[in-house]
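The values are calculated or read from the model by the stated rules, or taken from the named source; none is laboratory data. Just so we're clear, the structure is a prediction, and the values are computed from it rather than from any experiment. FYI the Cβ positions are ideal-geometry reconstructions off the backbone, even for glycines, and counts take in every protein chain you see.
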């Protein structure tokens with residue numbers, strides 16, 4: 001909808017009554033719909049709210065339904081009625097503030113908004129909270145869209161997903177921002193250079209298969225007005241962004257990835273929403289989707305509104321939205337953004353800016369119950385689907401069961417590990433010996449939750465440097481540092497996530513305005529890093545020792561966690577079958593250790609399966625001994641030992 005369209009809406013200052021219901025009128029939004037909506041249990045509410053193509057009295061058109069309990073009058077304005085606020089005034093259904101109307105002649109693709117007149121005479125022009133599609137920014141209108149009728153081809157994937165054991169399966173996630181992953185050259189027809197969902201599906205699947213990731217995590221899919229928000233300030237919770245195409249084209253993307261055995265996770269933002277005039281803020285002239293008290297209903301730090309998790313209709317909006325993406329679009333999981341901001345009433349607030357709960361504490365008890373409801377519902381109805389919390393505090397039992405007082409997420413981002421890891425990796429190697437515990441401390445709480453180790457987009461923007469430019473030394477040393485760091489990450493318990501561009505050593509910080517620097521792959525150093533990371537991914541998927549026991553101490557054993565003077569870490573990942581256990585040795589200094597001895601727990605043959613000094617990774621080693629027989633003799637507190645010439649910044653992984 002063009003900005004001038006607001007001024008073309010023909011309104012009047014006179015108070016108009018909604019049209020009377022004709023005798024025998026049967027509302028589409030039934031009494032049962034009203035009851036379930038009021039109980040926060042209308043889990044397919046999106047099939048009733050919003051715009052739906054239909055036929056009534058022999059006429060083809062669309063039903064429009066919206067919740068606006070504080071409004072004096074609501075009508076639908078759009079391309080089909082010349083944006084005339086008089087033309088299609090909506091009827092109120094029941095006593096809970098739901099309005100509906102059938103408009104003949106409406107067809108797919110037509111733009112519309114809700115015109116809302118408040119009791120004090122203000123006129124609002126709002127996008128549809130339940131719209132399936134939106135006008136491409138900078139326009140802000142909703143669009144009538146048909147989401148039924150797509151012919152899915154991923155039945156095999158969905159069948160296998162039901163067998164997916166969230167704790168014992170490999171999970172290596174490639175975090176992607178579609179608009180800046182890869183771009184077309186500028187053209188008048190596509191000035192943004194965006195790949196559409198179909199083009200993106202093919203290019204992304206090729207890359208992910210080549211590298212060996214198991215899943216992709218897509219940023220910024222729900223409609224949002226501002227590119228610079230990266231999709232974290234949503235105005236269209238039910239609309240795949242029009243930047244890249246239509247809802248059915250987004251279904252194609254998910255379908256195609258599934259056919260290529262790639263899982264799809266979406267970023268999901270139930271924590272807050274922006275104040276844009278066409279969005280959810282003060283939707284019907286008063287706080288509706290947000291808490292009415294600004295001390296609960298606003299994030300002063302972010303300039304956004306906070307959902308009212310105590311209001312059933314708002315909870316229903318969010319619960320159904322989660323199910324919508326999982327069940328209607330077949331996505332395999334949701335990464336829930338900013339969970340901590342929902343759990344704590346004082347998050348990002350100063351004294352006087354927040355209100356304690358009924359017990360005098362800072363916990364948002366309504367948000368806690370929302371999460372329990374959400375995760376039980378989504379995971380209960382969709383076996384194998386994963387729910388991931390981006391939670392940055394020590395809130396207990398984020399991945400614990402509801403019966404045990406937990407929030408029942410499948411996984412939690414391990415932000416503590418990420419901060420310690422990056423703090424250590426940034427250090428000059430000389431000073432690492434004084435910070436040795438930064439890399440071992442994570443094991444003290446590694447199994448308190450089901451964790452994902454993350455190096456996400458947040459760590460490579462806003463002057464934080466790209467991953468490779470966090471590393472010390474010259475460019476060659478940066479590559480070596482990053483290789484040993486990535487190897488340590490893959491050996492450490494926890495699932496894995498890496499942001500796009502960091503697997504080949506993107507030099508510049510990420511920007512949503514340009515594609516990642518694929519041209520760097522013309523350089524051998526970046527090729528070597530990419531090959532090394534791909535081999536880590538493939539090793540990870542091949543050996544259950546690296547993922548099947550991620551949630552218990554039986555899967556991990558330090559060999560030497562105290563070799564701080566040499567900044568070397570050695571540990572074992574145990575396989576649940578006892579076969580193909582893995583021994584990791586990681587040297588975080590540029591000092592060679594030709595006489596290195598490593599303690600081992602068994603008198604077996606240890607087979608070298610990964611050597612960072614290999615020529616294919618840019619190292620000097622053309623051929624190295626593969627088999628190493630353990631000998632008796634105490635070393636590192638173990639009864640046996642092997643001798644291995646450990647290179648500078650060397651990584652060695654052995655199977656036994």
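Any chance you could count how many residues in region 292-307 are in contact (Cβ under 8 Å) with a residue 40 or more places away in the chain and in a loop (DSSP other than H, G, I, E, B)?
4
Take region 621-651 and flag every residue that is in contact with a helix residue (DSSP H, G or I) (Cβ under 7 Å, 6 or more places away or on another chain) and surrounded by 12 or more Cβ atoms within 10 Å (Cβ to Cβ).
Matches in region 621-651: 621, 649, 651.
Is it true that some residue in region 327-339 is out of contact with any strand residue (DSSP E or B) (no Cβ under 9 Å at 6 or more places or on another chain), surrounded by 21 or more Cβ atoms within 10 Å (Cβ to Cβ), in the same structural domain as residue 376 (by TED's automatic domain parsing) and in contact (Cβ under 8 Å) with a residue 60 or more places away in the chain?
no
Could you pull out the residue among 174, 195 that is at pLDDT 95 or above, within 17 Å of residue 252 (Cα to Cα) and not assigned by TED's automatic domain parsing to the domain that holds residue 100?
Within the list 174, 195, the selection yields 195.
Mind checking which residues of region 256-277 are under 17 Å from residue 221 (Cα atoms) and under 18 Å from the mean Cα position of the chain (by Cα)?
Within region 256-277, 257, 263, 264, 265, 266, 267, 268, 269, 270, 271, 272, 273 qualify.
Does residue 564 satisfy the condition of being touching a strand residue (DSSP E or B) at 6+ places or on another chain (Cβ under 6 Å) and either surrounded by fewer than 17 Cβ atoms within 10 Å (Cβ to Cβ) or at pLDDT 95 or above (or both)?
No; evaluated as a whole, the condition is false for this residue.
Which residue, of 213, 207, 238, is in a loop (DSSP other than H, G, I, E, B) and either in contact with a strand residue (DSSP E or B) (Cβ under 9 Å, 6 or more places away or on another chain) or not assigned by TED's automatic domain parsing to the domain that holds residue 289 (or both)?
213
Here is a list: 6, 17. Which entry is modelled with pLDDT under 95 and either in a helix (DSSP H, G or I) or assigned by TED's automatic domain parsing to the domain that holds residue 312 (or both)?
Going through 6, 17 in turn, the sole match is 6.
Need pairs with beta-carbon distance below 8 Å; first residue outside the structural domain of residue 640 (by TED's automatic domain parsing) and within region 592-609, second assigned to a strand (DSSP E or B) and buried (at least 17 other Cβ atoms within 10 Å of the Cβ); sequence gap 6+ or separate chains.
As it stands, the answer is none, since no pair meets every condition given.
Any residue in region 474-495 that is buried (at least 24 other Cβ atoms within 10 Å of the Cβ) and part of a strand (DSSP E or B)?
Looking through region 474-495, at least one residue is buried (at least 24 other Cβ atoms within 10 Å of the Cβ) and part of a strand (DSSP E or B).
Determine whether region 311-330 contains at least one residue that is assigned to a loop (DSSP other than H, G, I, E, B), modelled with pLDDT of 95 or more and over 19 Å from the mean Cα position of the chain (by Cα).
Looking through region 311-330, at least one residue is assigned to a loop (DSSP other than H, G, I, E, B), modelled with pLDDT of 95 or more and over 19 Å from the mean Cα position of the chain (by Cα).
Count, please, the residues in region 201-232 that happen to be farther than 24 Å from residue 172 by Cα and buried (at least 23 other Cβ atoms within 10 Å of the Cβ).
Counting residues in region 201-232 that are farther than 24 Å from residue 172 by Cα and buried (at least 23 other Cβ atoms within 10 Å of the Cβ) gives 2.
Each row is one residue, and each column tells you yes or no for (1) in contact (Cβ under 8 Å) with a residue 24 or more places away in the chain; (2) over 23 Å from residue 205 (Cα atoms); (3) under 21 Å from the mean Cα position of the chain (by Cα).
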position	(1), (2), (3)
471	yes, yes, no
485	yes, yes, no
490	yes, no, yes
501	yes, no, yes
515	yes, no, yes
532	yes, no, no
536	yes, no, no
548	yes, yes, no
566	yes, yes, no
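Hey, any hits in region 74-91 for a residue that's farther than 18 Å from residue 126 by Cα and under 37 Å from the mean Cα position of the chain (by Cα)?
No - not one qualifying residue is present in region 74-91.
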